[in-house]
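The values are calculated or read from the model by the stated rules, or taken from the named source; none is laboratory data. Treat the numbers as computed from the prediction; the structure is a model and nothing was measured. Here the Cβ positions follow ideal geometry from the backbone for every residue, glycine too, while neighbour counts run over all protein chains shown.
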């Protein structure tokens, strides 16, 4: 558990440093290039599915699998393999 906490802390620090690095590099750019970077980021975000942007899993709609599965008519009947164990 302690190792996992250390890895998590390292990852958080790494991601934070990565964000600071990106921010620093972005701020050094001239305004016209900042606009191009923003346009590029927007075009990348358009390619990402919406559920990934929010980080929330896509919720299936009720009844979306209707007709995909069919239960056999004897589904609830006792199995032959278990007859020895039933009384």
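Annotations
- Scan of segment 25-51 for residues that are touching a helix residue (DSSP H, G or I) at 6+ places or on another chain (Cβ under 9 Å) and at pLDDT below 85, ordered by number: 45
- Residue match in segment 3-20 (condition: out of contact with any strand residue (DSSP E or B) (no Cβ under 6 Å at 6 or more places or on another chain), modelled with pLDDT under 85, surrounded by 10 or more Cβ atoms within 10 Å (Cβ to Cβ) and not in a helix (DSSP H, G or I)): no
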